[in-house]
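The values are calculated or read from the model by the stated rules, or taken from the named source; none is laboratory data. Please read these numbers as outputs of a predicted model, since none were measured by experiment. Here the Cβ is made from the backbone with ideal geometry for all residues, glycine too, and neighbour counts use every protein chain on show.
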Amino acid sequence: MPDPIPVLTIDGPSGAGKGTVSRTIAKRLGWHFLDSGAIYRALARAVMTRGTDTGDEQAVARVASEMDLEFICDEDVQIQLDGRDVTDSLYTEECGRVASKIAAFPAVRRALLEKQRAFRKSPGLVADGRDMGTVVFPEASYKVFLTATPEERARRRFLQLKGQGLDVNLDQIIKDLEERDRRDRERKEAPLVAAKGAVEIDSSALSVEEVVDRVLALLP
Ligand code: DC
């Protein structure tokens, strides 16, 4: 039986190029796009704004259930948290660090599961994250695990932040990236790992276009 609403999952560590590749593919196929990292980042932002203790699993999970999160998709995606546009504030190093920390809580992951699954709508979904192919959409028809060397991932992040006019330090970025990778890979609940059957692509020496072509070649 053909898959009624096909899902393509793209998991991998930060800086592997998942975001750009997933967005490009979703646009090209006319499919919906789930940036699950943005959901964890928005929760981090909500927790920081409310002054919730980031070490209190139940309190953070309550915020996850209560927060009103909306993705408004136009030319670009705008993310609204409790009625306010928070898009630009989600991509700071601090927000990434807090997101990675609270993402290790099982109760938080459970609270966000259905919010993520709700993105599966016709004609299809491209889902970008850490556990898209293992936990959120284990039945997905197409699964990719996208990696790159830590040096290349740090270099990309450095250029991206510099391009935003931020004063950045490469050594600090490498340290943050290693710390976040370690936490995402070693946590007990939904750790970053390639899903069974996922096709692994190392993007270190590939352009975005080359990665996109390799992923699209997996689809009929
Ligand atoms: O992809 P990102 O860097 O925007 O994600 C931020 C953090 O959110 C990441 O360090 C771990 C967490 N995350 C997660 O645990 N599961 C996902 N599916 C996506 C992100």
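Residue by residue, here is whether (1) of a type in the set (A, V, I, L, M); (2) farther than 20 Å from ASP202 by Cα holds:
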| position | (1), (2) |
| --- | --- |
| TYR91 | no, yes |
| GLU94 | no, yes |
| ALA99 | yes, yes |
| PHE105 | no, yes |
| ALA118 | yes, yes |
| THR134 | no, no |
| PRO150 | no, no |
| ILE173 | yes, yes |
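Provide a single number: the residues in region 28-37 that are in contact with a Gly (Cβ under 9 Å, 6 or more places away or on another chain) and not in a strand (DSSP E or B). Number of matching residues: 5. When we screen LEU146, LEU125, LEU219 for residues that are touching a residue at least 60 places away in the same chain (Cβ under 8 Å), touching a Lys or Arg at 6+ places or on another chain (Cβ under 6 Å) and over 19 Å from THR92 (Cα atoms), the only hit is LEU146.
Applying the criterion of at least 1 residues that are away from the ligand (no atom under 15 Å from the Cβ) to the strands (runs of 3 or more DSSP E) found wholly in region 97-204 leaves 142-147, 199-202. For region 36-54, residues that are free of Cβ contacts under 8 Å to residues at least 40 places away in the same chain, polar (S, T, N, Q) and touching a helix residue (DSSP H, G or I) at 6+ places or on another chain (Cβ under 8 Å) total 1.
Within region 56-69, track down each residue that is among the acidic types (Asp, Glu), away from the ligand (no atom under 16 Å from the Cβ) and assigned to a helix (DSSP H, G or I). Spell out how you get there, then give the answer.
So in region 56-69, the residues among the acidic types (Asp, Glu) come out as 56-57, 66, 68.
Applying the additional criterion that residues be away from the ligand (no atom under 16 Å from the Cβ) yields 56, 66, 68.
Matches in region 56-69: GLU66 only.
Residue-wise test of (1) in contact with an Asp or Glu (Cβ under 8 Å, 6 or more places away or on another chain); (2) at pLDDT below 95; (3) not in a loop (DSSP other than H, G, I, E, B).
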{"residue": "ILE10", "(1), (2), (3)": "yes, no, yes"}
{"residue": "SER22", "(1), (2), (3)": "yes, no, yes"}
{"residue": "ALA26", "(1), (2), (3)": "no, no, yes"}
{"residue": "LEU43", "(1), (2), (3)": "no, no, yes"}
{"residue": "THR54", "(1), (2), (3)": "no, no, no"}
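Scanning region 70-96 for residues that are at pLDDT 90 or above, in contact with a helix residue (DSSP H, G or I) (Cβ under 9 Å, 6 or more places away or on another chain) and assigned to a loop (DSSP other than H, G, I, E, B) gives ASP82, VAL86, LEU90.
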